[in-house]
Amino acid sequence: MSNRTINTETEHKFCESVLNAITIAPQSLPNIAVDEDKTRNAARCMTEFLCARLAQGGEAPHVLERTTVSWRNGFINLRNAVRDHLWTNLRPKFVEHFREIATDHPAAYLMTSWQSDGDVFYVWAIPENVVYEALPKHGVEQTDKRSIEIFPDVHRFERCQDSPDLSPFYRQSRWGKAELDKLVEAAKIDAAARRRNRNQEPSGTEEEEDPTDSETAPGYTSATVDFLKELPSHVSNADWHEANKDRYCTVLRDPTRRLVEMLRTQYIERLSPEVAGGKRHVSILKKNDYGKGGYHDHYWFAFYDPHAGSKTKSVQLYFRLLGSEQVWRYGFSMGNYCDEYLQRLQGALQQSAEAVASYLRKAPDGTLVALHRGDREERMQPKAFAETIVTSAPSLEDLTGVGVIREFPLQSLPEHDDTLVQEIGEFFTWAWPLFEASVTGVWPQSKPAVPHAIPESEESEDVDEDAPGTLDELSELTSLPLSFLEELEQALLAKQQAVLVGPPGTSKTYIARQFARYLVAQRPGRPQGNHHILYMHANWTYEDFFEGIKPSTTKTGMLTFQPRKGFFLEWTEQLKDYDSASRHVLVLDEINRCDTAAVLGELLQLLEYRGTTVRLLSGRRFVFPRNVFIIGTMNIADRSIGRMDLALRRRFLWLNLYSHPNALQRWLDRLGNNPVGFKSSSLAECNELLAKRGIPAEQHIGHALFMIQETSADDSFLAQDLPLTEKHLRRVVQFSVIPYIRELFTTQCGMADEEIVGQMRNILLKCLSSAADRQDNSSTS
């Protein structure tokens, strides 16, 4: 252990000089290359920008070890977090190492946090001795590292007994515009890389581990616990929830979504890609209670059998946070309406009693078995349940539910945050045979490979809490002009069915889906509705869409034919469970790809006579609901457009969604979206060249080809912007634009015009040569 000789006053003055230096934006920035395959770009950019600010003080920092630098007469260890508060892993052996480096010099831990939705960042320059003395008081179980957290409004080490007051070492500052643009770009690249690479091991040795990786844990904190404790007393207070919406997203929703994504990629995908590929795993707080403003007093997520259609009708691997009971738990469970799953599980227990009992006797520490008989719950140790299976299996026949759980005090949640993914993932892996037996009715013969109380009854929660609430929000989300969205809304409210028509690459499907979310969203006095997208193609028939005859075999082997509902009838029957005041939208994507008039059948007539009872071919009577809207999309360049007959055309209102350079520019102007400096005027210039050669506007190059987005895994209608990097731009031009232009000229003129193809390639890529020139000039200066 090193004995430091530096006095406290000198070290405090050093920390103050660090804070003074970093609150002033530099006149010029270092060129930082963002690596699209890695996940720590934003933290690295923060480090570079902080060092650039320190350099303005007359002396540039000298890098000693990754994020440790020497500056002036002292040493600084930089730790950054891309979130609303400081979060970092700190290993005791590194603290000792840093102390040895700074034996005779002042030293500071420069801890910085920044959330990517604003320009404000929070900084603590904490004297080395303060951190050194506080670390042993940190109340965590693991010994190899400590998860350090500091909140801007608290200024203390979370979960640290007798934490020192950190406010004397704190400053709030702002990034400059150029700094912020680069940071947001890096944060978007990081988010995309994390979604791709969740299951990859971090590089480097333990000593070299980057302390700025703030995404190795979900991020549950004491603020999460405080929010959950307050929640039960505000289940009917819509004003409180509106006022605390940002807080809810930061401390509860976003960490839970991160936890789901980590578990999905690191554990569930290895157990079952089908289960991992399900949707809407995470619950919401807002109830679908006809707009009355009711909220749940708990929060949870579950991976479930996708064939069940919803979490509450399936067996589950779940995680639950209960403010009212002051506990959190996770495990295997059964939702409502799980009789068939329960019967299959009981059958597997009886057929393989010895194997199941042997498995349960080796349950992880802290495991409890929960047995439900109606409203009564009985909890027992796994070994006791194992004996019950072997000796008195018939006594299990009156069960209404079975589960295995682990449960902890709510207050302990932050202490588990750093190891939560591994804890839950390994328990889900252990519980997987119970899940599998509930689905198949057979106890699996082999144990799944381990990769590096039961939820209360509740209905499926359908409220889309992220849906755009106004046309202005929808315009911001889609980058489309407000005037176009107003036209679409007026068309739908007037006719109830409309078709978006345009060339490829104008995001017709994306616009239709986002508008559907907006139209069916919960409003005061109107409950949440349902929306669904159906991808049409040449093999669709009337029997698939409306109804048909399905062959089946009786117990005696006789072949019979029974009426079978098609998709549309099944979907409209589900809508009966919704309040009549709600709205519903069906999106028919590429509506002209099938023989539309034949596939839609009676629906063509019903579009103009909603609420009227008709007799279908099977004899079934059907009424088309008045509160159903239909949005079609159609690629006007598609050769199959001739299938659209006049009767169908007359029943829809048609809106042209052509190339919108202004929409592209709005997207490019978002922070971090345009590192190469691409301009929408380049797209407009190319389309003008097409127009001069007789190509109509409905066949011009679509603006959305350049608006790079990535769909989230859990909610397919949500998409995140990705920066238009050089790699993405070259890919769009080479594999999307150029082939389309060649096909267009071949169709129109019989052969491709290679001169214009080359001209357009140069126009679209000219920003790259400009960016290279700027970088060369910057390097020279």
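The values are calculated or read from the model by the stated rules, or taken from the named source; none is laboratory data. Because the structure is predicted, anything quoted here is derived from the model rather than measured. Cβ: placed from backbone, ideal geometry, glycine included. Neighbour counts: every protein chain shown. These area figures cover heavy atoms from the full protein model, side chains too; ligands, DNA and RNA do not enter into them. Shrake-Rupley method; radii C 1.70, N 1.55, O 1.52, S 1.80 Å.
Is there a quick way to get the dipole size of region 306-399? I mean about its Cα centre, with the Cβ of Lys and Arg at +1 and of Asp and Glu at -1; what is the value in debye to the nearest 20?
320 debye
So for the pair Asp466, Ser358, with labels modelled 7 Å out along Cα→Cβ, what separation do we get in nm?
For the pair Asp466/Ser358, the computed spacing is 4.5 nm.
So what are the ³J(HN,Hα) numbers for region 588-595, from phi and the Karplus equation (6.51, -1.76, 1.60; θ = phi - 60°), rounded to whole Hz, Gly and Pro as x?
Karplus-based 3J(HN,Hα) across region 588-595 equals 9, 7, 6, 4, 8, 6, 9, 6 Hz.
Could you give the size of the charge dipole of the chain about its Cα centre, using +1 on the Cβ of each K and R and -1 on the Cβ of each D and E, expressed in debye and rounded to the nearest 20?
2020 debye
Distance from a point 7 Å along Cα→Cβ of Thr391 to each backbone N in region 355-384: keep the residues under 11 Å and list them by number.
Correct set: 384.
Let me check against my output: what whole-number percent is the relative contact order of region 49-111, with C-alpha pairs under 8 Å and at least 6 apart?
Relative CO of region 49-111 lands at 28 percent.
Each residue of region 114-120 in turn: what ³J(HN,Hα) in whole Hz from Karplus with 6.51, -1.76, 1.60 and θ = phi - 60°, glycine and Pro shown as x?
8, 9, 6, 9, x, 9, 7
Quick one: work out the % antiparallel among DSSP beta bridges in the chain, nearest 5.
Taking every DSSP beta bridge within the chain, about 75 percent pair in antiparallel fashion.
Please list His12, His307 from largest to smallest accessible area, probe radius 1.4 Å, with all protein chains kept in place.
So the residues, ranked largest to smallest area, are His307, His12.
Quick check of the Kirkwood formula: for region 555-696, what is the inverse mean of 1/r over all pairs of different Cα atoms, in Å?
The Cα-based Kirkwood calculation yields 19.5 Å.
Hey, can you find the accessible area per residue of the chain for me, probe 1.4 Å, expressed in square angstrom?
44 Å²
How large is the helix-only mean residue ellipticity at 222 nm for the chain, computed as the sum of -39500 (n - 2.57) over DSSP H runs with n ≥ 4, divided by its residue count, in deg cm²/dmol to the nearest 500?
So the helix-based figure for the chain works out to -11000 deg cm²/dmol.
Cα-Cα pairs above 33 Å in the chain: how many percent?
The share of Cα pairs beyond 33 Å in the chain comes to 62 percent.
State, to one decimal in nm, how far the label point of Glu96 lies from the label point of Gln115, with both points 7 Å from Cα in the Cβ direction.
Between Glu96 and Gln115, the simple spin-label model gives 3.8 nm.
For region 662-745, give the percent of accessible area contributed by carbon and sulfur heavy atoms, probe 1.4 Å, rounded to a whole number.
It is 49 percent, rounded to a whole number.
With a 1.4 Å probe and every protein chain kept in, tell me what percent of the accessible surface of region 1-106 is carbon plus sulfur.
49 percent
Between Gln490 and Ile32, take the C-beta separation as r, use R0 = 41 Å, and let me know the FRET efficiency to the nearest 0.05.
Once rounded, the FRET efficiency stands at 0.30.
For an R0 of 30 angstrom, estimate the FRET efficiency from the Cβ-Cβ distance between Ala384 and Thr419 and round to the nearest 0.05.
Approximately 0.60, to the nearest 0.05.
Round to the nearest 0.05 the FRET efficiency obtained for Ser324 and Gln748 when R0 = 56 Å and r is the Cβ-Cβ distance.
Computed FRET efficiency for Ser324 and Gln748 comes out at 0.25.
How far is it, in nm, from the label point at Ala598 to the one at Arg66 when both lie 7 Å from their Cα along the line to the Cβ?
Placing both labels 7 Å beyond Cα along the Cβ direction yields 6.4 nm.
Using a 1.4 Å probe, how large is the accessible area of Thr711, given in Å² and rounded to the nearest 10?
In the full protein context, Thr711 sits at about 80 Å².
If the cut-off is a Cα-Cα distance under 16 Å, which lysines reach Lys766, setting aside same-chain residues fewer than 8 apart in sequence?
Here the lysines satisfying the reach criterion relative to Lys766 are Lys679, Lys727.
Please identify the trypsin sites (Lys or Arg not before Pro) of region 570-664 that satisfy two criteria: DSSP loop assignment and at most 14 other Cβ atoms within 10 Å. Which are they?
Listed in order of number, the matching sites are Arg610, Arg620, Arg626.
Counting pairs of alpha carbon atoms under 8 Å apart in space and at least six apart in sequence, what relative contact order in percent does region 364-441 give?
It comes to 31 percent, rounded to a whole number.
For the chain, with the dipole built from +1 on Lys and Arg beta-carbon atoms and -1 on Asp and Glu ones, taken about the Cα centre, which of Ala302, Ser163, Val63 lies farthest toward the positive end?
Farthest towards the positive end: Ala302.
From the backbone phi of region 59-68, what are the Karplus-calculated ³J(HN,Hα) couplings (6.51 cos²θ - 1.76 cosθ + 1.60, θ = phi - 60°) in whole Hz, Gly and Pro given as x?
After applying 6.51 cos²θ - 1.76 cosθ + 1.60, I find 8, 6, x, 10, 6, 9, 8, 6, 9, 10 Hz.
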